[in-house]
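Derivation of every value follows stated rules applied to the coordinates shown; laboratory data play no part. The shown structure was predicted, so the numbers you read here are calculated from the model rather than taken from an experiment. Positions of Cβ are backbone-derived with ideal geometry, glycine not excepted, and every protein chain shown enters the neighbour counts.
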Amino acid sequence: MPSFDKFREVLLGKPYDPLNPEIRHNLALVAFLAWIGLGADGLSSSCYGPEEAFLALGHYTHFGLYLAVATFLTVFIIALAYNQVIELFPSGGGGYKVATQLLGPRAGLLSGSALLVDYVLTIAISIASGVDALFSLLPPGAQAYKLVAEIGLIIVLIVLNLRGMKESIKVLLPIFLGFFFTHAFLIIYGIVAHAEGLPALIPDTINETRQLSEQMGWAFAAALFLRAYSLGGGTYTGLEAVSNNVNMLSEPRVRNGKYTMLYMAGSLSFTAGGIILLYLLWNAQFVAHQTLNAVTFGAIINSWQFNPVVSHGLLAVVLLLEGGLLFVAANTGFLGGPTVLANMAVDSWVPRQFRNLSGRLVTQNGILLMGLGALGILLWTDGDVSVLVVLYSINVFITFSLSLLGLCKHWWTSRYDEARWKPRLMLSLLGFAVTGGILVVTVVEKFTEGGWLTLLITGLLITSFALVKHHYEYVRQQLRKIDALYAPRPNWGEELPEPPLVPDQPTAIFLIGKNRGLGMYALKWLNEVFAGHFKNFIFLSVGEVDAESYGGKGALRSLQYQIENSLRYYVNYCHSQGLAAISRAAYGTDVETELEKLVTGVVADYPNAVCLSSKLIFENESWLISWLHNHTPLAMQRRLHLREIQMIVIPIKI
């Protein structure tokens, strides 16, 4: 076991102390690093979003100018609207919390489920697209190893993220910056080199649009543009990532969140809009087995009249950086997905284990689930991007639309309290109209091509999460009954006698959880079965530092207050009965390890001790129900028995 622990430490790094404020400061992201970690998904969409929209125009490429302008404006409309989300929800949660708190729990469930599917697909399609780009530079015989490479890359990302969010971003930093600066240079150069075509571009576009509308009608022209605009909706994925992960940012969070959103919107609108403009100026044409970006950038590099080998090498660097950025974009799924899971776990939609933090203060279970989900999708589709792209981008617009609809409702109901409610309402309405329109067209266009499968997967998740919530609600009701029976409200005075503990006397050590009724049941059971035998009563509790307690300002202090208040209840009850009692507490991400330390310390002082804890027992317990609840009592019993410390687990039937 020690060798395994050492290997894990080498692989993932040494654990952090969650109570050390310096650790929180060191892990938080400044706006620049957040732009890289959370903005890669949006920026990478410029590798395929503009192309999909432009190719949908067919022979009517003059509409590309409208697409470039529409893309630029849409990015900023969504970004500005989501700045309101950052203001209203500075602790993070984004689309899930907006829908939950502004539209209701069911809307939140839909939004959260859609986001989870979207993040899994973000990982899968980014890895698959990136590997496709990289393998296009290799001989045809290497194509058979693409799926193996995709699986290997996902495993690398899982390990990087288990080490810590900031570490994964720093490793991927050179790729992100390399992509942005090379593409910015190519876009600026490409526009300047064909600047003579710019003055005529607008009048020519207007004339061609007028001719098309006269021949085919305005309805045809509008439908053609709207279809292309909607099919390029993948360009806007990733813009929601900042609002989902505001809790990862350094203070002041709201300001840094807005700066990050500005960086994201600026870089994406410039890149995506600029690439569409390049398609027009350089008369890009579809070439089999090449992306439209490769065709356009190849034409720009060839215009420099370098040696063909050098030109090919430069294009290879550009394409390698595109593939690398898609790899970085996959990391967004590992940052955003676990955060959504943690927020849904707080509201009991998903198992509580997804709130847990590892020793490196990352939501380890969420990272593993995202990685396994992406691996499953890749194995099922054989890494085929043409299949994945159909599944992708529908769900993110469900979240966009629900979030912006929630903002519309918020500003309308707040119109008597907010002085600037009108412009904010108008911005939210505009954003809802844009994202809702894209959602409708995307679902209609892609439904028969496989979009139905995305909606089916999302529906299955919603059903599963609703069943989990129903179970937790049932257990919560039963625990309230147990509290009413065994944990009465305190009616003892403040000044209570405190009998001293005698170290060599029989001692009962109680491992206390969050529910008072379970602890009091164990205490009363002991006093009934072993009446008068135990002289010392010691209550131990560990405050679990999870995603909720580590997420907001003052949350850790609130956790400490809850633990201290709970332990004081047991001690005061014992004092009111004339029993000698004390309590001890610890805090950490690993409850079992911290409890073991507390118990061994107490047993060293009180050697004639027995530990006690209670465990819920269900009448029709299945493996699923068992998984939904923690097994701390049984795990502690095994740990303490290995140390030759006696422990009794008292069952209580639900």
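Determine, for each peptide in 272-283, 447-458, 339-350, the mean count of other beta carbons within 10 angstrom over its residues, then list the peptides with the highest first.
Result, highest mean Cβ count within 10 Å first: 339-350, 272-283, 447-458.
Students often check this: by mean Cβ neighbours within 10 Å, which of 90-101, 36-47, 606-617 ranks highest, and how do the rest follow?
36-47, 90-101, 606-617
Quick one: if the Förster radius is 22 Å, what FRET efficiency do Ile654 and Gln562 give, using the C-beta to C-beta distance and rounding to 0.05?
The value I calculate is 0.45.
Checking the table Lys535/Lys653; Lys469/Lys597; Lys481/Lys615; Lys535/Lys597; Lys258/Lys409 against a 25 Å threshold on Cα-Cα, which pairs fail?
Pairs exceeding the cut-off: Lys535/Lys653; Lys469/Lys597.
Using 7 Å Cα-to-Cβ label points, what is the Leu177/Trp623 separation (nm, one decimal)?
4.9
Amide H to amide H under 5 Å from Ser614: which residues, 5+ apart in sequence or cross-chain, H placed 1.01 Å off N in plane?
Amide H neighbours of Ser614: Ile650.
From the phi of every residue in the range 430-445, what ³J(HN,Hα) in whole Hz does the Karplus formula 6.51 cos²θ - 1.76 cosθ + 1.60 yield, where θ is phi - 60° and glycine or proline is x?
4, x, 5, 5, 5, 5, x, x, 5, 4, 4, 5, 5, 4, 5, 5
Using θ = phi - 60° and the Karplus curve 6.51 cos²θ - 1.76 cosθ + 1.60, what whole-Hz ³J(HN,Hα) does each residue of the range 637-654 get, with Gly and Pro shown as x?
Taking θ as phi minus 60°, the curve returns 4, 5, 4, 6, 4, 5, 8, 6, 10, 6, 9, 10, 9, 9, x, 9, 7, 9 Hz for the range 637-654.
Which residues' amide hydrogens lie under 5 Å from the amide hydrogen of Tyr587, considering only partners 5 or more residues apart or on another chain, with H built in the peptide plane?
Those qualifying (amide H under 5 Å, at least 5 residues apart or on another chain) are Gly543.
Can you give the charge dipole size of the chain about its Cα centre, rounded to the nearest 20 debye, using +1 on the beta carbon of Lys and Arg and -1 on the beta carbon of Asp and Glu?
1300
Please give the helix 198-216 orientation as an angle from the longest Cα principal axis of the chain, in degrees from 0 to 90, rounded to the nearest 10.
It is inclined by approximately 90 degrees.
If I fit a long axis through the Cα atoms of helix 2-12 and take the longest principal axis of the Cα atoms of the chain, what angle between them do I get, 0 to 90°, rounded to 10?
30
So I have (1) 56; (2) 44; (3) 38, and one of them is percent of Cα pairs over 37 Å apart calculated from this model. Which one is it?
It is the value labelled (2).
Report ³J(HN,Hα) in whole Hz for each residue of the range 243-257, in order, from the Karplus equation J = 6.51 cos²θ - 1.76 cosθ + 1.60 where θ = phi - 60°; Gly and Pro get x.
5, 5, 10, 4, 5, 7, 7, 6, 6, x, 5, 4, 5, 5, x
Pick out, from Leu579, Ser558, Ile648, the residue whose Cα sits farthest towards the positive end of the charge dipole of the range 507-653, with +1 on the Cβ of Lys and Arg and -1 on the Cβ of Asp and Glu.
Leu579
5 Å is the cut-off here: which amide hydrogens, built 1.01 Å from N in the peptide plane, fall below it relative to Ala581, excluding neighbours closer than 5 in sequence?
Here the answer is Phe537, since their amide H atoms fall under 5 Å of that of Ala581.
Pop the C-beta distance of Thr448 and Ala635 into the FRET formula with R0 = 45 Å and round what comes out to the nearest 0.05.
0.35
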